[in-house]
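Visitor: Quick one: this structure, given as structure tokens, is what I'll be asking you about.
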Number of protein chains: 6
Amino acid sequence: MATVKLVQYNEASPPARAVLDDILQTRQVSDVNNFWKALANAPATLQNVWSQVKTVMQPGALDALTKELVYIAVSAANGCEYCVHSHTAAARAKGMTPEQHAELLAVIALASQTNALANSLQVPVDPAFQADTSA
Amino acid sequence: MATVKLVQYNEASPPARAVLDDILQTRQVSDVNNFWKALANAPATLQNVWSQVKTVMQPGALDALTKELVYIAVSAANGCEYCVHSHTAAARAKGMTPEQHAELLAVIALASQTNALANSLQVPVDPAFQADTSA
Amino acid sequence: MATVKLVQYNEASPPARAVLDDILQTRQVSDVNNFWKALANAPATLQNVWSQVKTVMQPGALDALTKELVYIAVSAANGCEYCVHSHTAAARAKGMTPEQHAELLAVIALASQTNALANSLQVPVDPAFQADTSA
Amino acid sequence: MATVKLVQYNEASPPARAVLDDILQTRQVSDVNNFWKALANAPATLQNVWSQVKTVMQPGALDALTKELVYIAVSAANGCEYCVHSHTAAARAKGMTPEQHAELLAVIALASQTNALANSLQVPVDPAFQADTSA
Amino acid sequence: MATVKLVQYNEASPPARAVLDDILQTRQVSDVNNFWKALANAPATLQNVWSQVKTVMQPGALDALTKELVYIAVSAANGCEYCVHSHTAAARAKGMTPEQHAELLAVIALASQTNALANSLQVPVDPAFQADTSA
Amino acid sequence: MATVKLVQYNEASPPARAVLDDILQTRQVSDVNNFWKALANAPATLQNVWSQVKTVMQPGALDALTKELVYIAVSAANGCEYCVHSHTAAARAKGMTPEQHAELLAVIALASQTNALANSLQVPVDPAFQADTSA
């Protein structure tokens, strides 16, 4: 259950409905996911987040699938059940193969392990890493 | 400062030194990073982590740069200062451009934002996401 | 399901029951929430946490609703499903309006986003912030 | 040190400089904080984040100080050193008293404690919390 | 629901089945837990994780129960529902008493509280702690 | 630097000084750590936290060293630099050997890895784990 009512299309306020219309049209779907129905209680945030999703997740210097893989990784690290599910589905829709998924999981697992070790050991940052920002 | 002594090469125990030798040779460097010097206090974990790094981070179904981008994302989400630095440097060494870095940051920021919203709203997972695992 | 038995009132040990009695009386309710039933397995912690809740959450230099909003924010950041639910309900009981909830969500989302960016960029703290503690 | 160069005003690209100009003018300051100098490497995100800060943090259904308190709480939970510093300074600039700061810390501490307990106990959400979303 | 299919024994690929066989034999059980069925989609990671579990969790300088208590603590801090459940069950199987569980919870709660306070206050590390690594 | 002034003994308010006196006497030291000097700005929380430390960390069903190991693990998972340092020092003072520290790190690393995998895979909790709470 959500902490707010899931707002259906015909219950949405005009500003929320305008965003929902854009999601439906952009994605060519007949209904939006629960995330957007929950966010429809906060139309300004709904508008803001959807606008970012449209801009940020489109292919650019990084392709669309790579962006979804990064999204899954962040969501897993933050323990967001909904986001892990929705972006794993999105990655598959954008062509993620089982082999790619398996390698993604291996990197997430390795990074989480070394993050915990570096935090436990409080390893000081090597001076050599600093030079990378000087160019 | 670290919570352990940073073990220099000539101070390392034989099992730790064997791993350090492999790092030096594999990476063709004259010294290892602080992370490995700290881990040298725990030779079994040093061996285990290095073995995983060699296997997991090599190109496969995902290329090496994509893996570094995922690594940065997980490290940022986990708040690991050392890992963010070392893997940002590694990504640059593998060709990450400023434009790719900027887009990576945008995805990390967006994912963190929607993770927080989904957790605040406790959005129920859409049944449609479930079908993705049935194939 | 919980990792422990939910202790009902008539099953509680005397020290746990004394705390449950105080919760029932203070809140003027006929039953306690699941959190307290789970904690009743650890009477010393039950006593300690309830004592803090009574003291910390009462109005002081901050009003009771502001405290609940902060509680929701921490709980969302920590990914605690139970706490997000219970303190969203508590905030509503203390008068949180839908407009306030929507603005709370926007701040949580923005903070999570800039937290991730600052962690990804490892931005050094400005010296100017230090002066604030000197007075 | 940062993972990117801190971009000074006269080094900024035109789109980044336009945002920096708006920050300088809106805040009536002679220089921007390091966070914005780091973000200036990613002009689209700089524009996006600053736009959100201007909109989200202004007084509305919640006053400006309450929003800063929530921001501190999220930043502490996410372990963001920079953000804890910058928003503690911002809260003081908006009138946070030492007594309010002390109470904020107490709520953050209590919430973190019960978050950990609820996660350790995996307490099931009470059905009663659900009714709150039906109105 | 999982983001992948739970692979049953007779559906597993040969390399995954070899690991499942080792789990079944080592633990003397007739079926493996869901975690391993999910990981069977990624045989290399399945092999890697199981190998670590067998090595790391066996008694050594720390006894097996202490290791499970640490495992529960990390899992609670990371908000991993599955891991909290599976390792609480494992700790009980290795003799954890209700009194030990209650004290474990108290330490987890206290640590989470002081972690949040130290992060909120950004307390500088005492120089005295450094001497500990010099021996 | 801290977000608050570190309160020295002779600057402390009477209620804070009473707690500092108890710390000095209980630990038989000539000065308190920075954590307590920072908390002295919030005397009620100082009193509350110190009271819990004295009660929770004393030997009981779990010995004092085991409690410190759990404390380190939680602090590493939460990314608390100060707490990792102070409790690693405390564990050494209570007899933690380098071998025990190395095994602790290995468990923290393994748990962090499987936490990330279980969160990425959203593995459903096995029904068998539920029976553990029925006794």
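Visitor: Determine whether B:His101 is without any contact (Cβ under 8 Å) to a residue 40 or more places away in the chain, under 11 Å from the mean Cα position of the chain (by Cα) and part of a helix (DSSP H, G or I).
Guide: So B:His101 fails the test.
Visitor: Another one. Scan segment A:73-94 for residues that are among the basic types (Lys, Arg) and either in contact with a Gly (Cβ under 7 Å, 6 or more places away or on another chain) or not in a loop (DSSP other than H, G, I, E, B) (or both) and report the count.
Guide: Residues that pass the stated criteria total 1.
Visitor: Same structure, new question: Of the numbered conditions (1) crowded, with 19+ Cβ neighbours inside 10 Å; (2) farther than 24 Å from D:Ala91 by Cα; (3) among the basic types (Lys, Arg), C:Lys5 fails exactly one; give the number of that condition.
Guide: For C:Lys5, the failing item is (1).
Visitor: If C:Phe35 satisfies every condition in (1) of a type in the set (Phe, Trp, Tyr); (2) touching a His at 6+ places or on another chain (Cβ under 9 Å); (3) under 29 Å from F:Ala61 (Cβ atoms) but one, which is the exception?
Guide: (2)
Visitor: Filter segment B:97-123 down to the residues that are surrounded by fewer than 22 Cβ atoms within 10 Å (Cβ to Cβ) and more than 7 Å from every other protein chain (Cβ to nearest Cβ) and list them by number.
Guide: Result: no residue meets the conditions.
Visitor: Here's something else I'd like to know. So is F:Val125 aliphatic (A, V, I, L, M) and not in a helix (DSSP H, G or I) or not?
Guide: In short, yes.
Visitor: Scan segment D:26-37 for residues that are over 16 Å from the mean Cα position of the chain (by Cα) and touching a residue at least 24 places away in the same chain (Cβ under 8 Å) and jot them down.
Guide: Answer for segment D:26-37, where residues must be over 16 Å from the mean Cα position of the chain (by Cα) and touching a residue at least 24 places away in the same chain (Cβ under 8 Å): D:Thr26, D:Lys37.
Visitor: Of everything in segment E:60-90, what is at the interface with chain F (Cβ under 7 Å from one of its Cβ atoms), crowded, with 24+ Cβ neighbours inside 10 Å, among the aliphatic types (A, V, I, L, M) and over 17 Å from F:Asp63 (Cβ atoms)? Give them in sequence order.
Guide: E:Val74, E:Ala77
Visitor: Here's a follow-up. Do you know which residues across segment A:40-59 are over 12 Å from A:Ser13 (Cα atoms), hydrophobic (A, V, I, L, M, F, W, C) and within 14 Å of chain C (Cβ to nearest Cβ)?
Guide: If the condition is that a residue be over 12 Å from A:Ser13 (Cα atoms), hydrophobic (A, V, I, L, M, F, W, C) and within 14 Å of chain C (Cβ to nearest Cβ), then A:Val49, A:Trp50, A:Val53, A:Val56 are the ones that fit.
Visitor: Would you check if D:Ala93 is small (Gly, Ala, Ser), open to solvent by less than 20 Å² (accessible area, probe 1.4 Å) and either touching a residue at least 24 places away in the same chain (Cβ under 8 Å) or more than 7 Å from every other protein chain (Cβ to nearest Cβ) (or both)? Step through it out loud before you land on a result.
Guide: Working: small (Gly, Ala, Ser): yes; open to solvent by less than 20 Å² (accessible area, probe 1.4 Å): no; either touching a residue at least 24 places away in the same chain (Cβ under 8 Å) or more than 7 Å from every other protein chain (Cβ to nearest Cβ) (or both): yes.
For D:Ala93, the condition - small (Gly, Ala, Ser), open to solvent by less than 20 Å² (accessible area, probe 1.4 Å) and either touching a residue at least 24 places away in the same chain (Cβ under 8 Å) or more than 7 Å from every other protein chain (Cβ to nearest Cβ) (or both) - is not met.
Visitor: Could you list all residues from segment C:19-50 that are surrounded by fewer than 14 Cβ atoms within 10 Å (Cβ to Cβ) and not basic (Lys, Arg)?
Guide: C:Asp21, C:Gln25, C:Thr26, C:Gln28, C:Val29, C:Ser30
The values are calculated or read from the model by the stated rules, or taken from the named source; none is laboratory data. In this text, all values refer to a predicted model and were calculated from it rather than measured experimentally. We place every Cβ from the backbone using ideal geometry, glycine too, and count neighbours over all the protein chains shown. Quick note on the areas: whole protein, heavy atoms, side chains included, nothing else; ligands and nucleic acids left out. Shrake-Rupley method; radii C 1.70, N 1.55, O 1.52, S 1.80 Å.
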